[in-house]
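The structure under discussion appears below in the form of structure tokens.
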Amino acid sequence: MDRRNFLKTGSVATVGTYFAGSVKTHLMAAPEAEPGKPIAASDNIQVALIGAGGQGQSDTKIAASIPGVKVVAVADCYNGCLDHAKELWGNDILATRDYNEILARKDVDAVVIGTPDHWHMQAAVDSLNAGKDVYCEKPMIHVYSDGPKIIDTWRKTNRIMQIGSQRVSSIVYLKAKELLAAGAIGKLNMVTVWYDRNSAQGAWQYTVPYDANTETCDWPRWLGTAPKIPFNGEHFFQWRKWKAYGSGVAGDLFVHLFSGVHLITDSKGPTRAQSTGGLRFWKDGRDVPDVMMSLYDYAPGFNLSVRTNFVDGGSESEGFVFTGSEGSMTIAGDTVSVARVPREKGPGVRVELYSLPIQKRMLEIYHEKYPITYPTGPIMEGEEKYVAPKGYSDHYHHIKNWTDAIRSREPVVEDPVFGFRAAGAALLSNVSYDSGKPAHWDPEGMRLI
Ligand SMILES: NC(=O)c1ccc[n+]([C@@H]2O[C@H](COP(=O)([O-])OP(=O)(O)OC[C@H]3O[C@@H](n4cnc5c(N)ncnc54)[C@H](O)[C@@H]3O)[C@@H](O)[C@H]2O)c1
């Protein structure tokens with residue numbers, strides 16, 4: 001397929017094309033909004049939130065903005081979050097520290113799980129067993145054994161379950177998938193990703209509320225199966241810094257990348273990972289590295305490199321580049337762009353080391369085989385860009401995909417098998433980092449080798 005044709009393919013429509021400098025820029029259409037049809041109160045999807053911190057609140061605010069979705073209950077281990085949930089969704093919601101109270105209620109159809117990672121498996125399994133449909137934040141697993149437990153329960157209970165890597169629903173990623181499949185960059189051989197930060201918030205130093213104590217926080221419940229230690233506000237509110245609750249940069253950031261790569265390349269996962277890194281700057285008691293680099297092998301014949309640097313004094317940046325035999329594709333924020341520099345037809349000729357008569361004759365011989373065409377030199381075909389509309393939210397579409405599936409009982413875009421493959425791939429970085437050796441993974445069977 002030639003370049004002009006691939007630009008016309010695919011289901012992510014464009015609504016306009018313009019030039020930004022020399023870059024041909026296509027504005028993508030937002031997915032169709034649902035036609036406004038009245039939904040009876042009796043037809044509401046009644047949603048509860050388990051884990052009402054940053055992401056749980058964000059997910060649930062979006063769910064509540066979808067017609068026919070009502071928030072009826074919230075569970076959290078900190079009073080400040082429970083009180084705020086009432087401010088957000090009304091005094092009449094059930095606000096409790098014990099999510100089992102929510103799961104016991106027949107009028108709760110579905111739950112959003114926004115707890116720290118070490119609670120994902122138990123909260124998901126309990127919710128599925130209670131007959132609830134589930135939206136569980138990424139990474140789906142905290143440890144590898146969580147994967148089969150969630151998948152088995154999901155299959156047994158036949159519930160709708162979406163994992164929360166919202167970029168899987170992004171029109172930017174879907175366009176990248178179309179472009180790759182249409183041959184826009186030739187055969188993919190490398191994926192390069194980085195997440196570099198240079199701030200305390202970026203390195204998870206979230207503010208501990210002034211009133212955090214054993215009265216306002218349900219510390220034993222929050223700890224769950226994690227090792228029992230005295231109350232510690234940093235552990236409670238900055239949990240990403242400790243392996244007992246999170247999974248370092250791999251579980252927090254790399255998992256988004258793997259969700260995206262698996263979607264865009266139609267891949268089930270890597271076969272091998274090798275990691276390195278260290279704790280260079282944020283020596284604040286954390287037990288995970290603040291600099292990590294990992295290399296991955298994918299069976300279809302590409303390699304992937306990913307890094308996080310929380311000590312990047314140069315800049316804060318994120319990048320996502322797919323390199324192929326005929327071009328490269330970059331995802332940055334709400335855009336995906338393709339750049340192609342066609343390879344020269346001939347192999348080139350090096351003559352300057354030899355005497356002038358030899359140089360002259362060598363050039364003649366070369367040009368007999370590869371005649372000079374004008375203009376000489378590589379032709380830069382330039383860059384082409386696809387931009388999502390202003391205000392576009394993949395997060396909205398990811399949650400909407402889940403609530404639509406709750407009504408239709410059709411599959412979601414990111415089920416627990418997809419979620420385990422993404423998280424399993426991401427956490428390989430930790431396995432390799434901890435052992436100092438390559439880590440091997442069976443992407444089909446979803447198990448460490
Ligand atoms: N999809 C994304 O882009 C994205 C972004 C941020 C966070 N996340 C994920 O969302 C999850 C939550 O992250 P966060 O930043 O919101 O954390 P957070 O600490 O702000 O919120 C977690 C909340 O869960 C509560 N909690 C803990 N154990 C509980 C239990 N047993 N029952 C009920 N509530 C419990 C805590 O009290 C806390 O308020 C993590 O898994 C994280 O990886 C995803």
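The values are calculated or read from the model by the stated rules, or taken from the named source; none is laboratory data. Just so it is clear, the structure is predicted and the values come from calculations on it, not from any experiment. For neighbour counting, all protein chains shown are included, and Cβ atoms are generated from backbone atoms with ideal geometry for every residue, glycine included. Side chains are part of the model used for accessible areas, which takes the heavy atoms of the whole protein and leaves out ligands, DNA and RNA. Shrake-Rupley method; radii C 1.70, N 1.55, O 1.52, S 1.80 Å.
Note down all Cβ pairs under 9 Å where the first residue falls in the range 201-222 and is open to solvent by less than 50 Å² (accessible area, probe 1.4 Å), the second is assigned to a helix (DSSP H, G or I) and among the polar types (S, T, N, Q), and they're at least six residues apart or on different chains.
Within 9 Å, the pairs are 211/79; 216/79; 217/79; 218/79.
Given the criteria assigned to a strand (DSSP E or B) and in contact (Cβ under 8 Å) with a residue 40 or more places away in the chain, does residue 48 qualify?
Numbers: assigned to a strand (DSSP E or B): yes; in contact (Cβ under 8 Å) with a residue 40 or more places away in the chain: yes.
It is true that residue 48 is assigned to a strand (DSSP E or B) and in contact (Cβ under 8 Å) with a residue 40 or more places away in the chain.
Please enumerate the residues belonging to the range 284-300 that are in contact with a Leu (Cβ under 8 Å, 6 or more places away or on another chain), open to solvent by less than 20 Å² (accessible area, probe 1.4 Å) and in a strand (DSSP E or B).
294, 296, 298, listed by residue number.
Can you say whether residue 212 is in a loop (DSSP other than H, G, I, E, B), at pLDDT below 95 and in contact with a helix residue (DSSP H, G or I) (Cβ under 6 Å, 6 or more places away or on another chain), as far as the supplied structure shows?
No: the conditions fail for residue 212.
Scan 421, 407 and give me the residue that is open to solvent by 60 Å² or more (accessible area, probe 1.4 Å), in a helix (DSSP H, G or I) and closer than 30 Å to residue 114 by Cα. Talk me through it step by step, then tell me what you get.
Working: 421 fails: open to solvent by 60 Å² or more (accessible area, probe 1.4 Å).
Exactly one residue qualifies, and that residue is 407.
For the range 390-404, enumerate the residues that are of a type outside the set (S, T, N, Q), open to solvent by less than 40 Å² (accessible area, probe 1.4 Å), more than 14 Å from the ligand (Cβ to nearest atom) and modelled with pLDDT of 95 or more.
Across the range 390-404, the qualifying residue is only 400.
Name every residue in the range 57-71 that is away from the ligand (no atom under 14 Å from the Cβ), surrounded by 15 or more Cβ atoms within 10 Å (Cβ to Cβ) and either of a type in the set (S, T, N, Q) or closer than 23 Å to residue 222 by Cβ (or both), in order of residue number. Give the steps one after another, and end with the answer.
The first filter runs over the range 57-71 and keeps only residues away from the ligand (no atom under 14 Å from the Cβ), leaving 64-71.
If we keep only those that are surrounded by 15 or more Cβ atoms within 10 Å (Cβ to Cβ) too, we end up with 64, 66, 68-71.
Selection gives 71 alone.
Among what's in the range 227-269 and is in contact with a Ser or Thr (Cβ under 7 Å, 6 or more places away or on another chain) and either of a type in the set (Val, Ile, Thr) or away from the ligand (no atom under 12 Å from the Cβ) (or both), pick the residue that is most open to solvent (accessible area, probe 1.4 Å).
Keep residues of the range 227-269 that are in contact with a Ser or Thr (Cβ under 7 Å, 6 or more places away or on another chain), which gives 231, 249-250, 253-256, 259, 261.
From what's left, either of a type in the set (Val, Ile, Thr) or away from the ligand (no atom under 12 Å from the Cβ) (or both): 231, 249, 255, 261.
On the way: 231: 57, 249: 4, 255: 3, 261: 0 Å².
Step by step, filter the range 227-269, then rank; the result is 231.
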